[in-house]
Structure formats: structure tokens, C-alpha cells
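Trainee: Shown below is the structure under consideration.
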Amino acid sequence: MDLMEEAKTSYRAGEYRAAAIKFAHMLANSRDEETKNSIISNIGSCLHMMGEHDLAGLYYKTARDAFAAVKPGRVSRFLFGDYNPARVAVRCL
């Protein structure tokens, strides 16, 4: 199982700290901006579930602002349309 699947499994099991640590490792090793932004949002979700609402809000805001600056790739736009406005519209805590 790769690290992303391990992080998802931990999150679904309610092991939010373990999931956040795994997402943080992925963030440190990711080179793709869109992937980094998703991971930042996932860390925010883990923190939110751990009751760290202020810190989670900072992660959500960082991800939202970063998503606004990155345009989806050509293949993603072809397959899914322009989903960027929906990602950016997510309300931060």
C-alpha cells in the first residue's frame, strides 16, 4: 500500500494524527503544485477532526489560496471541465 492509501485508511479509521503525519511526509516529497494543495487541504481536515480548528482554518485558507493560483492541467480540464472555481469556493473556517 502506498503512503496516500495508508493516510486515507488512517483517516477513515479515525486515526487523524497518524493520517496528518503521513500527509505531511507526502507534502515534503511532492513536487506537483496541485497535489501539494490537495495534501495541505487533507492536513487541514485532519486537524479539524482533531479539534484544532484555528490551525485547520489556516491550512484550509492556504490550500484555497493556492488552488486559486493553479490552473488545472489540460487533461483534467478535458475530463472534468473547469473545476477550479468549485475548489476555491470552499468556505474556510
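Readers should treat all values here as calculations from the given coordinates under stated rules, not as data from a laboratory. All values derive from a computational prediction rather than experimental measurement. Note that each Cβ is placed from the backbone with ideal geometry, even for glycine, and that neighbours are counted across all protein chains shown.
Trainee: In nm, to one decimal, how far is the Glu6 label point from the Ala69 one, both placed 7 Å along Cα→Cβ?
Mentor: Between Glu6 and Ala69, the label points sit 3.0 nm apart.
Trainee: Going by average Cβ density within 10 Å per residue, which order do the peptides 31-42, 50-61 take, highest to lowest?
Mentor: Those peptides, ordered most packed to least, come out 31-42, 50-61.
Trainee: Moving to a separate point now. Between Ala18 and His53, what is 0.36 nm times their sequence separation minus the Cα-Cα distance? Round to one decimal in nm.
Mentor: 10.8 nm
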